[in-house]
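Participant: After the structure tokens below, expect a handful of questions from me.
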Amino acid sequence: MKTSISQLDKYWFYWIVQFSRDNGLSHAAKRVSATGDGHYYAYLSVALLFFHPNGQHFFNLVLGGFLVELPLYLLLKNSIRRHRPCHALAGFESGFEPLDKFSLPSGHTAGAFVFASVVNLVFPALAPIAFAWACFVGSSRIALGVHYPLDIMVGAGLGAGSVLLVNQLMM
């Protein structure tokens with residue numbers, strides 16, 4: 001029997017959710033997910049703008065990255081219209097209510113990968129920490145029951161790809 005991408009996506013979704021519930025990680029997932037809220041990127045970028053010699057470059061890359069990522073994110077999310085697992089899977093209770101009803105791509109993950117990709121370009125020594133954090137943000141969204149793994153992968157690609165494009169245009 002052939003296994004479809006959708007079946008694999010659901011399998012890994014349930015596995016990650018169960019793992020997080022079995023290990024008491026639901027509260028931690030909410031806290032990690034919150035670190036991916038958009039306003040933190042603005043605060044950190046503006047702070048670096050004023051207090052670090054590479055702050056202007058960092059700020060420009062973050063701003064450019066989000067100027068590319070956000071319209072693409074909205075276009076994809078509202079075109080694909082994939083329902084979130086917490087709304088689409090019968091009998092599944094997430095205990096967390098997202099702000100909208102569509103899941104692909106993950107905006108939190110896309111934003112986290114925009115930020116991590118900029119860290120990689122401007123402060124490469126911090127890149128492993130930044131990308132680990134971005135992966136945790138994405139994983140937390142699955143653990144909370146609001147995204148499938150494929151949503152996270154597409155969000156990561158969207159965020160990182162946006163920064164790569166902007167970096168090429170700024171050179």
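The values are calculated or read from the model by the stated rules, or taken from the named source; none is laboratory data. As the structure is a computational prediction, the values presented were derived from the model and not from experiment. So basically every Cβ, Gly included, is an ideal-geometry build from the backbone, and we count neighbours across all protein chains shown. What goes into the accessible areas is simple: the full protein's heavy atoms, side chains included, and nothing from ligands, DNA or RNA. Shrake-Rupley method; radii C 1.70, N 1.55, O 1.52, S 1.80 Å.
Participant: If we keep just the residues of the stretch 23-34 that are under 18 Å from VAL146 (Cα atoms) and surrounded by fewer than 14 Cβ atoms within 10 Å (Cβ to Cβ), which is farthest from the chain's Cα centre (by Cα)?
Facilitator: GLY24
Participant: Take the stretch 16-70 and flag every residue that is in contact (Cβ under 8 Å) with a residue 24 or more places away in the chain and not in a helix (DSSP H, G or I).
Facilitator: LEU25, THR35, GLY36, ASP37, ASN54
Participant: Do we find that PRO98 is of a type outside the set (A, V, I, L, M, F, W, C), within 21 Å of ALA156 (Cβ to Cβ) and in a loop (DSSP other than H, G, I, E, B) in this structure?
Facilitator: yes
Participant: Could you give me the residue pairs with C-beta distances under 9 Å whose first residue belongs to the stretch 89-115 and is basic (Lys, Arg), whose second residue is part of a helix (DSSP H, G or I) wherever it lies, and which are 6+ apart or on separate chains?
Facilitator: LYS101/HIS87
Participant: Step by step: first the residues of the stretch 5-15, then only those that are modelled with pLDDT of 90 or more and over 16 Å from the mean Cα position of the chain (by Cα), then the one that is farthest from PHE136 (Cα to Cα). Which residue is that?
Facilitator: Residue satisfying both the conditions and the ranking: GLN7.
Participant: For the stretch 38-57, which residues satisfy the criterion of being surrounded by 19 or more Cβ atoms within 10 Å (Cβ to Cβ) and over 19 Å from the mean Cα position of the chain (by Cα)?
Facilitator: Selection gives LEU48 alone.
Participant: Within the bounds of the stretch 71-83, is there any residue that is in contact with a Cys (Cβ under 9 Å, 6 or more places away or on another chain), surrounded by 18 or more Cβ atoms within 10 Å (Cβ to Cβ) and part of a helix (DSSP H, G or I)?
Facilitator: Scanning the stretch 71-83, I find no residue that is in contact with a Cys (Cβ under 9 Å, 6 or more places away or on another chain), surrounded by 18 or more Cβ atoms within 10 Å (Cβ to Cβ) and part of a helix (DSSP H, G or I), so the answer is no.
Participant: Can you pull out the residues in the stretch 108-164 that are open to solvent by 40 Å² or more (accessible area, probe 1.4 Å), closer than 16 Å to LEU72 by Cβ and not aliphatic (A, V, I, L, M)?
Facilitator: HIS108, GLY157, listed by residue number.
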